[in-house]
Amino acid sequence: MKKVFLSLGANLGNKSKNLTSAIELIGNEAGVVQKVSGVYNSEPWGFEAEHNFYNMVVEVQTELEPHDLLRSCQNVEKTIGRIKTHDTFGYTSRVIDIDIVFYEDQVVKEEHLIIPHYLMHERFFVLKPMNEIAPDFVHPVLNKTIAELIKECDDHSEVNYSGDLSSLS
């Protein structure tokens with residue numbers, strides 16, 4: 001079993017239900033969900049939108065290889081109702097977004113899959129929940145812990161703890 005970290009975000013529909021559904025489906029399709037961060041309310045990153053995001057990070061034990069895990073995450077997104085759109089910048093509002101942040105300490109650099117997520121260290125909305133459940137995890141490229149990365153992050157957007165999923169339902 002491999003330890004992976006996934007970032008989940010939603011800003012359309014019933015956000016807490018979408019996140020809850022994603023966690024359940026990840027557990028059914030990808031592996032065993034070991035840890036779940038709290039939910040963080042954050043403003044959209046990289047684009048303007050009417051609604052803020054709910055973001056969180058989950059730790060999963062999986063037997064899936066990275067490409068299979070990516071397909072599994074995409075299937076979960078599709079099941080929940082995400083429709084992929086291609087706008088100029090790639091950022092849009094969505095019912096669910098699932099990114100592979102880390103896959104053990106592996107580094108993958110391919111056209112459709114980059115692990116660790118190439119922007120995770122610049123996104124406070126990923127670092128904050130990641131720091132909650134794995135502050136000592138070491139980024140395999142930057143060789144810094146999550147706790148160190150969060151201190152160095154230049155992202156000053158609003159990211160506020162909103163509670164755990166059960167309190168938001």
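Within the range 25-38, restricting attention to residues that are touching a residue at least 40 places away in the same chain (Cβ under 8 Å), out of contact with any Asp or Glu (no Cβ under 7 Å at 6 or more places or on another chain) and not in a loop (DSSP other than H, G, I, E, B), which residue is least open to solvent (accessible area, probe 1.4 Å)? Before you say what the answer is, go through the steps one by one.
Residues of the range 25-38 touching a residue at least 40 places away in the same chain (Cβ under 8 Å): 25-26, 29-30, 35-38.
Checking which are out of contact with any Asp or Glu (no Cβ under 7 Å at 6 or more places or on another chain) leaves us with 25-26, 29-30, 36.
Those still in the list that are not in a loop (DSSP other than H, G, I, E, B) too: 25-26, 29, 36.
Details: 25: 38, 26: 3, 29: 78, 36: 69 Å².
So the residue we want is 26.
In this entry, residue 158 passes the filter for residues that are over 20 Å from residue 35 (Cβ atoms), touching a strand residue (DSSP E or B) at 6+ places or on another chain (Cβ under 9 Å) and charged (D, E, K, R).
Inspection of the range 11-21 identifies at least one residue that is assigned to a helix (DSSP H, G or I), under 22 Å from residue 127 (Cβ atoms) and within 12 Å of the chain's Cα centre (by Cα). On the stretch given as the range 41-63, residues that are modelled with pLDDT of 95 or more and open to solvent by less than 80 Å² (accessible area, probe 1.4 Å) total 9. For the range 133-162, the set of residues classified as more than 18 Å from the chain's Cα centre (by Cα) and aliphatic (A, V, I, L, M) consists of 141, 142, listed by residue number.
Inside the range 10-24, can you point out the residues that are touching an Asp or Glu at 6+ places or on another chain (Cβ under 9 Å) and either under 14 Å from residue 78 (Cα atoms) or surrounded by fewer than 17 Cβ atoms within 10 Å (Cβ to Cβ) (or both)? Residues satisfying the conditions are 10, 22. Looking across the range 116-161, just one residue is hydroxyl-bearing (Ser, Thr, Tyr) and touching a Ser or Thr at 6+ places or on another chain (Cβ under 9 Å), and that is 157.
Of the candidates 77, 50, the single residue that is of a type in the set (Asp, Glu) and over 17 Å from residue 6 (Cα atoms) is 50.
Taking first residues from the range 70-91 that are modelled with pLDDT of 80 or more and aliphatic (A, V, I, L, M) and partners that are surrounded by 14 or more Cβ atoms within 10 Å (Cβ to Cβ) and part of a helix (DSSP H, G or I), the Cβ contacts under 7 Å between residues at least 6 apart in sequence or on separate chains come to 76/22; 76/25; 76/26; 76/29; 80/18; 80/21; 80/22.
The values are calculated or read from the model by the stated rules, or taken from the named source; none is laboratory data. Just so it is clear, the model here is predicted, and its values are computed rather than measured. Ideal geometry is used to build each Cβ from the backbone, glycine not excepted, and the neighbour counts take in all protein chains shown. The area values use the complete protein model at the heavy-atom level, side chains included, leaving out ligands, DNA and RNA. Shrake-Rupley method; radii C 1.70, N 1.55, O 1.52, S 1.80 Å.
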